[in-house]
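Trainee: Below are the structure tokens for one structure; questions will follow.
The values are calculated or read from the model by the stated rules, or taken from the named source; none is laboratory data. Since the model is a prediction, treat every value here as computed from it, not as a measurement. Cβ sites come from the backbone with ideal geometry, for glycine too, and all protein chains shown count toward neighbours.
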């Protein structure tokens with residue numbers, strides 16, 4: 001009884017949110033054209049991408065910095081890419097934060113690190129995005145616009161940062177019951193080692209070489225490639241592709257319509 005009542009009120013709340021956050025047809029079409037990896041063959045899946053985008057827009061608070069003016073097109077582009085990884089995991093995976101801050105370009109952040117002797121060193125780090133525990137998620141709009149799946153290693157700052165949200169910034173994602181923790185750790189560890197060896201050898205990679213920094217970045221970079229450039233990634237690291245296919249409960253190579261050859 002209580003479960004049914006909770007589902008009833010949740011459905012009513014989502015219906016009200018969807019009514020508050022319509023997306024004009026032309027704007028949605030432009031978004032799908034600019035970011036073709038958002039498209040889905042199945043009409044129900046395509047409708048779900050838009051539904052979750054609208055709910056995301058209703059639940060999150062967007063703000064800007066550096067004089068940037070937020071437009072509906074910007075918010076929709078960010079929201080649509082953010083919900084793609086949780087298309088079948090549920091939007092509640094993002095309940096731990098509310099704020100999204102969009103900067104016009106990369107942000108220079110002041111960092112501190114303490115060495116083994118207790119000496120504090122300060123340095124500047126240039127960031128295209130950052131997902132902090134409890135929020136906010138910071139994004140460079142210039143990099144968001146560049147994340148449409150161009151040639152070369154996969155790059156998508158929105159999917160990257162929201163993969164960090166799912167990963168709990170290195171704490172590990174909540175795994176489905178059909179993926180034992182030991183299997184996840186083993187496959188990810190082996191694939192990370194294989195990838196870092198390719199990067200050290202200066203070989204071309206389907207994934208951004210930045211993923212060799214640490215396992216945390218590897219998961220985020222792998223998620224980018226899985227959604228944005230699935231074919232090259234599967235060819236290069238098939239075991240990793242299959243693991244992410246099971247985790248995200250999606251197969252972009254099957255579910256996305258073919259893209260025109262360039």
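Trainee: Take residue 162 and decide whether it is assigned to a helix (DSSP H, G or I), in contact with a strand residue (DSSP E or B) (Cβ under 8 Å, 6 or more places away or on another chain), modelled with pLDDT of 95 or more and closer than 26 Å to residue 49 by Cβ.
Mentor: yes
Trainee: What is the residue count in the range 215-255 for residues that are part of a loop (DSSP other than H, G, I, E, B) and within 17 Å of the chain's Cα centre (by Cα)?
Mentor: 4
Trainee: Sticking with this structure for a sec: Considering the range 189-214 alone, what residues qualify as being outside any helix (DSSP H, G or I) and more than 15 Å from residue 232 (Cβ to Cβ)? Explain how you work it out, then say what you get.
Mentor: Residues of the range 189-214 outside any helix (DSSP H, G or I): 201-208, 213-214.
Scanning the range 189-214 gives 201, 202, 213, 214.
Trainee: Could you please give the count of residues in the range 209-246 that are crowded, with 22+ Cβ neighbours inside 10 Å and touching a residue at least 24 places away in the same chain (Cβ under 8 Å)?
Mentor: 16
Condition check ((1) closer than 26 Å to residue 75 by Cβ; (2) touching a strand residue (DSSP E or B) at 6+ places or on another chain (Cβ under 6 Å)) across all residues:
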{"position": "125", "(1), (2)": "no, yes"}
{"position": "133", "(1), (2)": "yes, no"}
{"position": "178", "(1), (2)": "no, no"}
{"position": "182", "(1), (2)": "no, no"}
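Trainee: Looking at the structure I just gave you, is residue 170 within 20 Å of residue 35 (Cα to Cα), touching a helix residue (DSSP H, G or I) at 6+ places or on another chain (Cβ under 6 Å) and modelled with pLDDT under 85?
Mentor: Considered against the rule, which asks whether it is within 20 Å of residue 35 (Cα to Cα), touching a helix residue (DSSP H, G or I) at 6+ places or on another chain (Cβ under 6 Å) and modelled with pLDDT under 85, residue 170 comes out as no.
Trainee: Considering only residues that are part of a loop (DSSP other than H, G, I, E, B) and surrounded by 14 or more Cβ atoms within 10 Å (Cβ to Cβ), which ones fall in the range 177-188?
Mentor: 179
Trainee: Ok, one more. Would you tally the residues in the range 49-68 being over 11 Å from residue 14 (Cα atoms) and within 17 Å of the chain's Cα centre (by Cα)? Steps first, please.
Mentor: Here is the first cut: in the range 49-68, the residues over 11 Å from residue 14 (Cα atoms) are 49-50, 53, 57, 60-68.
Now restrict to residues that are within 17 Å of the chain's Cα centre (by Cα): 49-50, 53, 57, 60, 62.
Residues meeting the conditions: 6.
Trainee: Let me ask something else. Considering only the range 15-37, I want to know if a residue exists there that is in contact with a helix residue (DSSP H, G or I) (Cβ under 6 Å, 6 or more places away or on another chain) and in contact (Cβ under 8 Å) with a residue 60 or more places away in the chain.
Mentor: There is at least one residue in the range 15-37 that is in contact with a helix residue (DSSP H, G or I) (Cβ under 6 Å, 6 or more places away or on another chain) and in contact (Cβ under 8 Å) with a residue 60 or more places away in the chain.
Trainee: Okay, moving on. Kindly indicate the residue of the range 42-78 that is touching a residue at least 24 places away in the same chain (Cβ under 8 Å) and in a loop (DSSP other than H, G, I, E, B) and also surrounded by the most Cβ atoms within 10 Å (Cβ to Cβ) among those meeting that condition.
Mentor: Going through the qualifying residues, I end up with 60.
Trainee: Now a separate question. When you look at residue 89, is it assigned to a loop (DSSP other than H, G, I, E, B) and either more than 17 Å from residue 161 (Cβ to Cβ) or in contact (Cβ under 8 Å) with a residue 12 or more places away in the chain (or both), yes or no?
Mentor: Here the answer is yes, as residue 89 does meet what is asked.
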